[in-house]
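A short worksheet on the structure shown next.
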Amino acid sequence: MNGKVDSKSDFFTVLRERHAVKRYDDHYRMKDDEIRTLIQSASEAPSAWNLQHWKFIVITDQAQKEVLFEIAYGQRQVLESSIVVAILGDLHADRNAEKVFESDVQAGRMTPEIKLNLVMQIEQAYANKPDWARDQAICNASLAAMQLMLAAKAMGLDSCPMGGFDPNKLIEAFAIPDRYVPIMLVSVGKAAEPARPSARLPIEETIVWNRFE
């Protein structure tokens with residue numbers, strides 16, 4: 001594998017074949033260019049106002065994995081996978097607005113007037129809605145996490161999202177600034193054994209047509 005996503009991979013095949021893998025080939029190691037391709041793919045996820053409410057801690061060092069192993073309640077995939085990505089949500093993504101929109105202005109995709117209006121909208125939303133920053137951080141960083149897992153499968157890799165960890169200990173052990181909130185951990189590597197099959201509820205139990213009655 002050369003670190004590039006196989007453009008011939010059928011998207012719906014990727015969706016069907018992506019499962020949470022718990023056991024990994026602990027001899028397999030991703031190359032730096034593969035990791036960068038993966039993170040770049042995750043970074044292309046959509047986000048509100050294109051503020052890109054995410055930060056990724058890519059954990060490759062085995063000593064750091066040992067630390068994370070304890071924080072993640074002894075989940076073996078932390079030690080056996082090639083990398084573990086800690087997905088963080090940005091509580092101050094509004095601070096990205098100037099940089100994001102100015103590049104659009106410089107490229108001719110946006111007028112200065114539109115940029116000013118958007119920045120004002122964002123400032124008002126973050127100032128006037130108490131839960132807005134956290135809700136947006138969790139929502140948008142989760143989109144990036146899902147995109148990361150799909151990209152991993154398209155690259156011939158496997159992954160597992162993990163919500164079972166102590167967020168306070170993660171913050172302390174990995175010196176995470178107050179700006180960021182831990183969302184989830186995602187292990188990535190080569191499966192040593194297939195994922196356990198999981199059932200899904202019938203689709204008619206999950207759809208509400210138009211409105212609840």
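The values are calculated or read from the model by the stated rules, or taken from the named source; none is laboratory data. All figures in this text were calculated on a predicted structure; none of them were measured in a lab. As a convention, Cβ positions derive from the backbone with ideal geometry for all residues, glycine included, and neighbour counts pool all protein chains shown.
Only residues in the stretch 171-187 that are within 19 Å of Leu148 (Cα to Cα) count as the first member; pair them with residues that are part of a helix (DSSP H, G or I) and charged (D, E, K, R), Cβ under 7 angstrom, at least 6 apart or cross-chain, and list the lot.
Val181/Arg134
Can you tell me which condition Pro130 does not meet? The list is (1) modelled with pLDDT of 95 or more; (2) surrounded by fewer than 16 Cβ atoms within 10 Å (Cβ to Cβ); (3) not basic (Lys, Arg), and all the others hold.
Single failed check for Pro130: (1).
If you check Asn140 against the conditions, is it of a type outside the set (Ser, Thr, Tyr) and either surrounded by fewer than 20 Cβ atoms within 10 Å (Cβ to Cβ) or in a strand (DSSP E or B) (or both)? Show your work before the answer.
Numbers: of a type outside the set (Ser, Thr, Tyr): yes; either surrounded by fewer than 20 Cβ atoms within 10 Å (Cβ to Cβ) or in a strand (DSSP E or B) (or both): no.
So Asn140 fails the test.
Would you check if there is a residue in the stretch 25-38 being under 23 Å from Met149 (Cα atoms), part of a strand (DSSP E or B) and modelled with pLDDT of 95 or more?
no
Based on what the data block shows, is Leu88 over 24 Å from Asn140 (Cα atoms), modelled with pLDDT of 95 or more and in contact with a Lys or Arg (Cβ under 8 Å, 6 or more places away or on another chain)? Working first, answer last.
Working: over 24 Å from Asn140 (Cα atoms): no; modelled with pLDDT of 95 or more: yes; in contact with a Lys or Arg (Cβ under 8 Å, 6 or more places away or on another chain): yes.
So Leu88 does not fit the description; no.
Of the conditions (1) out of contact with any strand residue (DSSP E or B) (no Cβ under 7 Å at 6 or more places or on another chain); (2) assigned to a strand (DSSP E or B), Gln147 satisfies every one except a single condition; which number is it?
The number of the failed condition is (2).
Can you run down the residue pairs with Cβ atoms below 6 Å, 6 or more apart or on separate chains, where the first is in the stretch 112-128 and under 11 Å from Asp94 (Cβ atoms) and the partner is small (Gly, Ala, Ser) and surrounded by 15 or more Cβ atoms within 10 Å (Cβ to Cβ)?
Here the result reads Val119/Ala97; Ile122/Ala97; Tyr126/Ala133, each pair linking the stretch 112-128 to a residue that is small (Gly, Ala, Ser) and surrounded by 15 or more Cβ atoms within 10 Å (Cβ to Cβ).
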